[in-house]
Structure formats: structure tokens, C-alpha cells
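Structure record follows, encoded as C-alpha cells.
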Amino acid sequence: MEGDIVQMGAYVGAGLACTGMGGAAVGVGHVVGNYISGALRNPSAAASQTATMFIGIAFAEALGIFSFLVALLLMFAV
């Protein structure tokens, strides 16, 4: 019985950690949406901001990958 409760807690924690992946998707959409909005306002400056957009995407995706890693650790390391 005790092992089942621990396993259930691990699965609930993994599910909660997966919400970080959804947050990363929202973050990437926000970064790219703001880039597109700025590029439409000033097309001549868009080329110089592309690297900044990719850095923002990388940081947002890193948080998503980190939450995925936490979810895997909760599911399989307990």
C-alpha cells in the first residue's frame, strides 16, 4: 500500500512538472510573436534582431527541457 502511494505521488509530481513544457511553448510563441510584430513595424532592423530571437527561443526551450527532465526523474527514479 505504501509503495502505491509513493508511485501515485511521483506520477502527480511528473504531471505537474509537465506544465512547464506548456509554459515553454507559450514563451516561444510570445518571443516569436513579438519578433514578427517588430519586424513588421521596422523591416530594416529585423535582420539584426534575428539572433536575439533565437537566443530567446533557446532560453524558453531550455526551461521546457528542464521540466521534462524533472518529470522523467520523478517517474523513473523513485
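Below are the figures for this structure:
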item: Inter-label distance, nm, simple model (7 Å from Cα along the C-beta direction), ASP4/LEU16; result: 2.2 nm
item: Structure-based [θ]222 nm, the chain - -39500 (n - 2.57) summed over DSSP H runs of at least 4, per residue, nearest 500; result: -31500 deg cm²/dmol
item: Three-way shape call for the chain based on the alpha-carbon gyration tensor, with the a/c threshold at 1.5; result: prolate
item: Global geometry of region 1-43, whether rounded, prolate or oblate, following the gyration tensor of its Cα atoms and the 1.5 cut on a/c; result: prolate
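A short reminder: the numbers here are calculations on the coordinates, not readings from a lab. In this text, all values refer to a predicted model and were calculated from it rather than measured experimentally. So basically every Cβ, Gly included, is an ideal-geometry build from the backbone, and we count neighbours across all protein chains shown.
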